[in-house]
1. Quick one: check the C-alpha center-to-center distance for the range 265-299 versus the range 1-77, whole angstrom.
2. What's the ranking of 290-301, 43-54 by average number of surrounding C-beta atoms within 10 Å, highest first?
3. For Val257 and Ser282, compute 0.36 nm times the residue count separating them, minus their Cα-Cα distance, and round to one decimal in nm.
4. If one takes the longest principal axis of the Cα atoms in the chain, at what angle in degrees, from 0 to 90 and to the nearest 10, does the Cα axis of helix 283-301 lie?
5. Give me the percent of DSSP beta bridges within the range 168-302 that run antiparallel, rounded to the nearest 5.
6. What whole-number volume per residue, in cubic angstrom, does the convex hull of the C-alpha atoms of the chain give?
7. Of the DSSP beta bridges with both residues in the range 117-233, give the percent that are antiparallel, rounding to the nearest 5.
8. Based on Cβ point charges of +1 for Lys and Arg and -1 for Asp and Glu, what charge dipole magnitude is obtained for the range 117-233 about its Cα centre, in debye rounded to the nearest 20?
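The values are calculated or read from the model by the stated rules, or taken from the named source; none is laboratory data. Every value quoted in this text rests on a predicted model; they were computed, and no experiment measured them. Neighbour counts are summed over all protein chains in view; Cβ atoms, including those assigned to glycine, are modelled from backbone coordinates with ideal geometry. Accessible surface is based on the protein model in full, side chains and every heavy atom, while ligands, DNA and RNA are left aside. Shrake-Rupley method; radii C 1.70, N 1.55, O 1.52, S 1.80 Å.
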Amino acid sequence: MSDSAFDVVVIGEGIAGLTAAGLLAKKGFSTATFEQQLFGGLVININELDPAPAGGEAGGAAFASEMTGANADAGVTSIAEEVTALAPADGGYTVTTAAGSYHARQVIVASGAKLKMLGVPGEAEFEGRGVSKCADCDGPMFQNETVVVIGGGDSALQEAVVLTHYCGKVLLIHRGNAFRAQQHFVDQVKANPKIEVRFGSTVEAILGGQMVEKIRVNTGAGSEELTVAGVFAYIGLEPNTGFVPDAVQRDATGRIVTGDTAETALPGLWAIGAARSGCGGSLEDAMQDARRAAEAVAARLQ
Ligand code: NAP
């Protein structure tokens, strides 16, 4: 096989992609992973995975790094290029990047998801100047200050607790009247005196000069301005699936629809993890998806 042709190409070096690629390489298939950013995907920004992965590192970056090293040892070719297109060709697929094109007999889409944006005035303008996507990385910049976290799911509650390790006060603003997060995160939030919860409220704008200084919040009864130094929106994820052919069905959120084995309606094209419709949001869900798809892909290739 040439150095641009593989049995399997896995798009995305998040935990799902790393898991599937490692398993397939260990079975003897020539396997490449493509990653446009840093390996590890969303977990890279999590200091303490909760629950910690069985037998693995509890820190997100260390866990991903451990898997990346094991994959290299197993013979996975890691290619640091963004996949821009994917098209059926010669009984498999052509994988196109800005730097070139590759052929794969089977392709696993494990491109994950990114944090959704609020879409309010000031959010893009103050990115990196108070607006952050990473509580663990940027939390230490807000020592003893007040920050706001927006959202009512696992991410918002978990990261609100992380921020209390650094900040004086964490405002947790949720548009609904009840959280949808796991109970143990709700309990941690309730028990933390540094977190002030505001239900039924939405952030309308992020305001400031050089740095974030305030947010304007709609409380349902009107608007009020609150002084904050940092803004962390954890309002869900949107899948990175723009390069996947239009012929592949998506659900209403843009995630790829597959059958039980994680294969799409296009034979030999599979989707796993946060990019797949119906995959649960936990690390274990992503890894289970990866194991199941790797078995099915291996069976197809034999
Ligand atoms: P999520 O579960 O989709 O929750 C998003 C939250 O943001 C919801 O409370 C939603 O409100 C709110 N929201 C959505 N759009 C909004 C908007 N435009 N303005 C204001 N609020 C908005 O997202 P997530 O918390 O990021 O979690 C994603 C997945 O990862 C989930 O499956 C989760 O279980 C998983 N996860 C697991 C762990 C863990 O196990 N340790 C940690 C983090 C995440 P409504 O409730 O009103 O819809």
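1. After rounding, the separation between the Cα centres reads 14 Å.
2. Per-residue mean Cβ counts within 10 Å order the peptides as 290-301, 43-54.
3. Stretched out fully, the Val257 to Ser282 stretch lengthens by 7.2 nm.
4. Its long axis makes an angle of about 10 degrees.
5. 70 percent
6. 138 Å³
7. Here the share of antiparallel DSSP bridges comes out near 40 percent.
8. 260 debye
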